[in-house]
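Colleague: Have a look at the structure that comes next, please.
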């Protein structure tokens, strides 16, 4: 039993790291540098399956895309109006069943406008993962908006 528990803990760690890398990649896609944006795209290719389905829900304009590049285009387009972003992953709940798993990750994202105001987005990523020849990858992900707002920074 101990060996199986150790494997499950290791699997959960690898799975949860996928969402943390997603946050890092998304911030890179929001950067003005072409080199940094390419780094973000490469991370997406590592953490997503080639046929990943990604969508948003409860947002003013819900988005959907297929594949890592399709979602990278959506994310980059959504972030181009900001001069800085930070996506923070909080609580993560993960279930593993063999080579399949599910993960729920809380998100706290900050997006700075040129006028020094900040749009904050609090949401939840609901992800389905599977283990394949490239290790654990996300094959389905929904970003659900839970609340948002704009704050003026001084």
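Read the figures in this text as sums done on the coordinates, not as results from a lab. All of these numbers come straight from a predicted model, not from anything done at the bench. Cβ placement follows ideal geometry from the backbone for every residue including glycine, while neighbour counts extend to all protein chains displayed.
Colleague: With each label point set 7 Å from Cα along the Cα-Cβ vector, what nm distance links residue 144 and residue 86?
Modeller: 2.7
Colleague: Follow-up. Sticking with the crude label model, points 7 Å out along Cα→Cβ, report the distance from residue 97 to residue 7 in nm, one decimal please.
Modeller: 1.7
Colleague: Report the FRET efficiency, 1/(1 + (r/R0)^6), for residue 14 and residue 113, where r is their Cβ-Cβ distance and R0 is 25 Å, rounded to 0.05.
Modeller: 0.10
Colleague: Let me make sure I get this right: for the chain, a, b and c are the square roots of the gyration tensor eigenvalues over alpha carbons, sorted descending. Under 1.5 in a/c it's rounded, otherwise prolate if a/b > b/c, else oblate. Which is it?
Modeller: prolate
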